[in-house]
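Asks: One structure, pasted below without further comment.
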Amino acid sequence: MSGQIRFALRRLFLGLADTVVTLPVLRWTWRGLADDAFAGELPEFRPSDREAVRDMMSGRYLLASKLVETGGASPFGLEAEHQDWWLNLHGFSWLRHFRDVRDPGERKFARMLVLDWISREAQFERDTWAPALCAQRILNWLRHLPLLLDGANPEQAKTIQRVLGTQIQSLKVRAPLTSDPIEALYAAIALLGAEICDQDDKTDVPARIAKLNTILASQLDADGLHLSRNPKLQLQLLVELASVRRAAGSYKTEESNELGAQIDRMHESLDALTLSSGEPVYFNGAGQLPHDVLIAVQALSPLRKRRSLLLGGYGILRNGEAVVIADSGRVPPKGFDAEAHAGALAFEFSHGNELILGSCGPAPADLPESQALFRQTVAHSAPSIDAEDAERTPPIIALDTADHLLTLGTTGYAKRYGVDLERRLTLLAEGTTLVGQDRMIANGTPSGLLSVRFHLAPKVMVRRVSGEGLVRLVLPNGAVWSFLWEGADFHEEESVRQSSYLGFHKTRQLVLETEAAADREIAWIFTLEQ
C-alpha cells in the first residue's frame, strides 16, 4: 500500500508541476527554439499508399481503420467520435502517404493540412499537446520536412519551423515532469530525433542517445519486451525508434551501439510473440495491427526467435507449422499496467497461416464502456471459475523444450474457490496435435464451476455429428481439425474477435464445464485430420 501511496503522491506532484509550466505566463519560454532550423534527416520506412492521398484530397480520411468524410471541411475542425482516429490525425503518421508524390498540388495539400493544424492548435491545448502525441507529431514532421518546406513561401516555412521548434521545446520542459513512463520514452525518442535534425548544433546528440538508452533500459526486460507486455505498444515504439536508430548509428559510439542492441532485442521479442499466421497475439491491449506497418518493421529485424522459449511472462511453443503462445498472467509494474488483461493461462494457437484459437481482443475505441468486459478472463481462451478473474498472484510457468510441453499455473482462485489451477499444453506430431490438460489442485475447500473456453478464429466453422463425442472445425483454407475432450460437459456459444479494420467478427467459442473438485482434470485435444 505504501508503494501505491508514493506512486499517487509522485503523480500528483508532477501533475501540479506540469500545470505550472504550462500556464500562459510561462509558455512564452517554449519559444526558445523558434529561430532554430531543422532538416528532414530522419528516414521513413513505412509504406505509402497513393490512394490514401486521393481519398484525403476528396475529404475522406481513413485513419486507424475508421473512415470519416469531412465534406470538404478541415478534419481538424471536426468533433471526432473515434479516439484512435483523432490520435492518428493529430499524430500526422499519415504524412508518409505523401512521401513519393510529385504533383505540386498534392504536395501543397499536405503542407496546407499542416498549416491548418498550426492555425488551430499552435497555442497549447492539453489534449493535442500531450507529450506522447506531441512526440509522434514532431517525429513525423521531421521525417517529411522537405515535403512540407518544398514550395512553401518564406512566411509559411518560418511558421512551420517555429511551431516545430516550440513543440520540441515543450517536450524539453514537460518530459521530466510526466508521471507516465511511456510518455517519457516517446519524448526521449523525439528529442533525440530533433537533435539529429538540428542544422546548427548537434553537440547534444550523444547525450540524447545516452538518455534514451537509460529510459529504454528501465522499461525493457532482459529479452527486450516492454514492461507493459503489450505487442501493440512494442510495435508502435519500434516504428519511432527505427528512424532515430538509423540516424544515430552514423555516430559510431558505444552509446549508439547500445541503442542498436536494445532495439534489436525489441525486434526479437515482437517476432517471438507473432503467430505463424503473421499477427502478434491479442494480449494486454494488443489487437489487430496495421499489416503494412508490421511487415515493414519486421523487415528491419536482424534475427528471428523461431523456437520455443519463455519471454516476459509468455510461454511460446513452436513445432512444425504450429505455434502456441500462452500468457502466465504476469502483471505489469505500476505505471505500465494501463492495458493489462486478466489473461492468466490463456493461449492462442495457429497452424501454418491460419489462426485456430485466439482471444476477443481489446474493446474498440468507440466503446470505452466495454473495456473492462474485454479484459476479463472469459474473453480469452483460458480456464476460469464462476466466470471470475483470478486474483493477481505471482505467475507459474515452465517450459520443457524437448517434449514441447508448457506448464502454467495460478493460485489466484484459492481464496475464493479453494483450488489452484494448472494448465499443461503439449504440441505433438510436428504441430498437428495440441494436447491440453486443465487440473484443479485443492488449496482449501473446492467450490464453483470451472469453465474452459476456446475462442475460435473468424470464419472457423463448427461441425458436430449427433452421437459423436467430438467436434470438427473447418478452417477458411479447408483444413479440418477434430476437437475431443473428457472430464467435462461441452457446449457451444457465440463469441467475437475485435478487428480494428472490420469491427467485430462474429465467431464461436467451445466451452467445457465441470464442478470444482480436488484433483479433477479436464483433458482435451485439437488434431489435424490428414
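Asks: Let me know the Rg and Dmax you get for the chain when you use only its Cα atoms, in Å.
Replies: Just the Cα atoms of the chain yield Rg and Dmax of 25.1, 80 Å.
Asks: With θ set to phi - 60° and the Karplus curve 6.51 cos²θ - 1.76 cosθ + 1.60, what are the ³J(HN,Hα) couplings of the stretch 86-94 in order, to the nearest whole Hz, using x for Gly and Pro?
Replies: Coupling constants for the stretch 86-94: 5, 5, 5, 4, 7, x, 6, 5, 5 Hz.
Asks: Measure off 7 Å from each Cα along the Cα-to-Cβ vector at R416 and K334, then give the distance between these two points in nanometres to one decimal.
Replies: Taking the simple label geometry, R416 and K334 are separated by 2.3 nm.
Asks: While we're looking at this one, here's another question. Any chance you could list P(r) for the stretch 410-523, counting all Cα-Cα pairs in 10 angstrom bins from zero, rounded to whole %?
Replies: Calculated over all Cα pairs of the stretch 410-523, the distribution is 13, 36, 33, 18, 2 percent.
Asks: Pull up the cross-link candidates among the lysines for K108, meaning alpha carbon to alpha carbon under 24 Å and not fewer than 8 places away within one chain.
Replies: K158
Asks: Going Cα to Cα from K415, which lysines come in below 27 Å? Please leave out same-chain ones fewer than 8 positions away.
Replies: Here the lysines satisfying the reach criterion relative to K415 are K334.
Asks: How large is log10 I(q)/I(0) at q = 0.16, 0.17, 0.18, 0.20 Å⁻¹ when the Debye formula is applied to the Cα atoms of the stretch 174-299, each weighted equally and without solvent?
Replies: Log10 of I(q)/I(0), two decimals: -0.78, -0.87, -0.96, -1.14.
Asks: Also: Sequence-distant or interchain residues sharing an amide H contact under 5 Å with N443, placed H: which?
Replies: Under 5 Å from the amide H of N443: V419, D420.
Asks: One quarter of the convex hull surface, Cα atoms only: what value does that give for the stretch 315-433 in nm²?
Replies: One quarter of the hull surface, i.e. the mean projection, equals 8.5 nm².
Asks: Among the lysines, which have Cα under 20 Å from the Cα of K172 when same-chain residues fewer than 8 positions away are ignored?
Replies: Within the straight-line cut-off, K172 pairs with K202, K211.
Asks: Next question. Using only the alpha carbons of the stretch 37-160, determine the length spanned along each of the three principal axes and report them from longest to shortest in whole angstroms.
Replies: Largest to smallest, the principal-axis extents are 35, 32, 27 Å.
Asks: Let me check against my output: what whole-number percent is the relative contact order of the chain, with C-alpha pairs under 8 Å and at least 6 apart?
Replies: With pairs under 8 Å counted, the relative contact order is 11 percent.
Asks: Output needed for the stretch 427-476: three equivalent-ellipsoid semi-axes, defined as square roots of 5 times the C-alpha gyration tensor eigenvalues, in descending order, whole Å.
Replies: Semi-axis lengths for the stretch 427-476 are 28, 17, 12 Å.
Asks: Oh, and also: Using the Karplus curve 6.51 cos²θ - 1.76 cosθ + 1.60 with θ = phi - 60°, what ³J(HN,Hα) values do you get for each residue of the stretch 209-218, in whole Hz, with x for Gly and Pro?
Replies: 5, 4, 5, 5, 4, 5, 5, 4, 4, 7
Asks: What distance in nm separates the two pseudo spin-label positions at D55 and E258, each 7 Å out from Cα along the beta-carbon direction?
Replies: Taking the two extended label points, one gets 4.3 nm.
Asks: Could I have the simple spin-label model distance between V465 and D100, label points 7 Å from Cα toward Cβ, reported in nm to one decimal?
Replies: 5.2 nm
Asks: For the chain, give the magnitude of the charge dipole about the Cα centre (Cβ charges: +1 Lys/Arg, -1 Asp/Glu; no others), in debye to the nearest 20.
Replies: Dipole about the Cα centre, nearest 20: 900 debye.
Asks: Using the Kirkwood radius over C-alpha pairs as Rh, can you work out the diffusion coefficient of the stretch 310-528 via Stokes-Einstein at 37 °C, viscosity 0.692 mPa s, in µm² per second?
Replies: It diffuses with D of about 186 µm²/s by this estimate.
Asks: Let me ask something additional. Please turn the phi angles of the stretch 223-240 into ³J(HN,Hα) values with the Karplus equation 6.51 cos²θ - 1.76 cosθ + 1.60 (θ = phi - 60°), one per residue in order, whole Hz, x for glycine and proline.
Replies: 8, x, 8, 4, 5, 5, 6, 10, x, 5, 5, 4, 5, 4, 5, 5, 4, 6
Asks: Taking amide hydrogens as modeled 1.01 Å from N in the peptide plane, which residues meet the under 5 Å criterion relative to T507, leaving out close sequence neighbours?
Replies: Those qualifying (amide H under 5 Å, at least 5 residues apart or on another chain) are S495, V496, R497.
Asks: Further question on the same structure: Work out how much length F124 to K172 would gain on full extension: take 0.36 nm times their residue separation and subtract the Cα-Cα distance, in nm to one decimal.
Replies: 15.8 nm
Asks: What 222 nm value per residue comes from the helices of the chain, counting each DSSP H run with n ≥ 4 as -39,500 (n - 2.57) and dividing by all residues, nearest 500 deg cm²/dmol?
Replies: -11000 deg cm²/dmol
Values quoted throughout were computed directly from the atomic coordinates according to the rules given, and no laboratory measurement underlies them. Keep in mind the model is a prediction, meaning the values are calculated, not measured. No Cβ is skipped: glycine too gets one built from the backbone with ideal geometry, and neighbour counts run over all protein chains shown.
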